[in-house]
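Here is the structure we will look at, set down as structure tokens.
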Amino acid sequence: MEFVSPEGLRLDGRRPMEMRQIRAEIGVVAKADGSASFEMGNTKVIAAVYGPREVPNRSQQISDQALVRCEYSMANFSTGDRMRKPKGDRRSMEISLVIRQTMEACILTHLMPRSQIDIFVQVLQADGGTRSACINAATLALADAGIPMCDLITSCSAGYLNSTPLLDLNYVEDSAGGPDVTVGILSKSDKVTLLQMDSKLPMDIFENVMQLAIEGCKAVANYIREILLENTKQLEYRRGT
Amino acid sequence: MDDRSLNLTTSFIDQIVVPGDVVLDLSSMSNQTIKLGGGLRQDCDTISVMKAGKLKFSKPNKYWVESSQKRYVPCVEDTILGTVVDSKADNFLVDIKGPTLAFLPVLAFEGGTRRNIPKYEAGTLLYVRVVKANAGMNPELSCTDASGKAAEFGVLKDGYMFETSTGLSRMLLSSPTCPVLEALGKKLSFEIAIGLNGRVWVNAASPSTVILVSNAIMNSESLSGVQQRIMVEKLMQKFQSSS
């Protein structure tokens, strides 16, 4: 099947190096301490953060840092066919673990010993790249909750089909069976905190694809910064003087 | 180098910053002591931001980030509203919307002895003062001021408690009196207790006054002084016309 036409257009009309449209909103879950919704094209996710709060189970608390828990689940209606078991299956457990490890790299957990931070991410509409959208949403939600972070983490995916590196795969391109590289970086220091790949790639092509994904992450980071600045400006209370 | 770092700092002071922003470069500043408040951390030679908010500077050398969140970071000498969760032999366990539960010693009341320990059920609302707040330890509270007098601390009976962000609490407690409270106080009589941890308690003679005051305060989060007065005026008019 042809994923890149001879004119250089993908199935949804994008160029190989073009990302889908991104849109983010902060403060969508009123009850949560911090929340955000993030959309990459047709993929929509919501992240809610609770904490830092008391650990209910004394045996689980860590004496010198905060415990970060993450749960990834997909809504039944998020995919084409209604899903029967949205969480608890292998894929959700793996993605929960991945998101937790990624966010733990940037949260300054040693500042909140013996407490717990819960990150809940729910996919409302899945069209490829849910992992990246979840990490981006979680970053915004953590910043909204005021949890101390050393940097903003952003994530993006890239693939390689029809001998072309493609940025930000959607579901059709993802299920083509080609390689899918997901990268998460700390936006200011350019350090990689997440690197995952399905399928196989020769080393030199892998470098190109990873570089492309990192460019995508930087573009997302710029957008996330703007949204966060705008939201903080609006929340900032006015004192009258 | 000095010019560039000065430009860096002056361009960030009183600006909104997000986690990861580098606000000071220490390698170009020599032999100075700077004091870092909340929201900033030192990373080798740079000072970077941990929380999204407004960077503030006070002479001669204090920097901090002012932000408004829903959860509270316990700080000594703050006056807050806590709810009793449990009572142990020596302390009451109080929830203060922070990372851990706080301890209120059973003797930390005016004239408190082993014979007259108050009995608080779970859910009791208390106006308390933070005595100790170290990282890693549960904060300690007290129902007396520094000299041992009761001074308005203790149980808040009746009334209605609602939660806000810490930024709104700080604005309500600022002096001169914040516009929304001033406008409400001119027309209505009510009792109010504001905790720096984002909890506000309101009590008045009639439930409609309590509702009016609570709604006015909750609406004033992102309004300027003038907008707050206009908002209170409109609420009052609706109230007068309906009653």
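By how many degrees, 0 to 90 and rounded to 10, does the Cα axis of helix B:2-12 deviate from the longest principal axis of chain B? The angle comes out at about 20 degrees.
Just need the relative contact order of chain B here, percent rounded to a whole number, with Cα pairs under 8 Å and 6+ apart. It comes to 14 percent, rounded to a whole number.
Peptide A:142-154 shows a mean partner chain C-beta count of 6 within 10 Å per residue C-beta. Highest mean packing comes first when the peptides B:156-162, A:125-131, A:109-115 are listed by Cβ atoms within 10 Å, giving A:125-131, A:109-115, B:156-162. Here is the tail figure for chain A: Cα pairs spaced more than 31 Å apart come to 24 percent of all pairs. Going from the fewest other Cβ atoms within 10 Å to the most, the residues A:K85, A:K218 appear in the order A:K85, A:K218.
Taking beta carbons within 10 Å but only from partner chains, what does the mean come to for residues A:194-205?
Details: counts 0, 0, 0, 0, 0, 0, 0, 0, 0, 0, 0, 0.
Averaged over the peptide's residues, the number is 0.
Packing, taken as the mean count of other beta carbons within 10 Å per residue, orders the peptides B:124-132, A:55-63 from highest to lowest as B:124-132, A:55-63.
How shielded is B:47-55 by partner chains, expressed as the average number of their Cβ atoms within 10 Å of its Cβ atoms? Intermediate results must be reported in sequence, preceding the final value.
On the way: counts 0, 4, 5, 10, 8, 16, 5, 4, 0.
Counting Cβ atoms of other protein chains within 10 Å of each residue's Cβ and averaging gives 6.
Given +1 at the Cβ of Lys and Arg, -1 at the Cβ of Asp and Glu and no other charges, the dipole of chain B around its Cα centre is 440 debye to the nearest 20.
What relative contact order, as a whole-number percentage, does segment B:3-66 give when Cα pairs under 8 Å and 6 or more residues apart are counted?
Relative contact order of segment B:3-66: 37 percent.
Per residue, chain B reaches -7500 deg cm²/dmol at 222 nm when only DSSP H runs of four or more residues are counted, each adding -39500 (n - 2.57).
Helical runs (DSSP H, four residues minimum) scored at -39500 (n - 2.57) apiece and divided by the length of chain A put the mean residue ellipticity at 222 nm at -9500 deg cm²/dmol.
In chain B, the longest principal axis of the Cα atoms and the axis of helix B:207-219 are about 10 degrees apart.
Highest mean packing comes first when the peptides B:135-141, B:184-190, A:135-141 are listed by Cβ atoms within 10 Å, giving A:135-141, B:135-141, B:184-190.
Out of all DSSP beta bridges with both ends in segment A:4-240, state the antiparallel percent to the nearest 5. Walk me through the numbers on the way to the answer.
On the way: 41 of 49 bridges.
Around 85 percent antiparallel, to the nearest 5.
One quarter of the surface of the convex hull around the alpha-carbon atoms of segment B:79-155 equals 4.7 nm², the direction-averaged projected area.
With N residues in segment B:160-242, what two-decimal value do you get for its Cα radius of gyration over 2.2 N^0.38 Å? Show your work: numbers first, answer last.
Numbers: Rg = 11.8 Å, N = 83, 2.2 N^0.38 = 11.8 Å.
With N residues counted in segment B:160-242, Rg over 2.2 N^0.38 Å equals 1.00.
For segment B:79-155, the relative contact order is 31 percent, taking Cα pairs closer than 8 Å that sit 6 or more residues apart in sequence and dividing their mean separation by the residue count.
Computed from the coordinates by the stated procedures, all read-outs in this text should not be read as laboratory data. It should be emphasised that the depicted structure is a prediction, and the values quoted were computed from it without experimental measurement. Glycine gets a Cβ as well: all are built from the backbone with ideal geometry, and neighbour counts include every protein chain shown.
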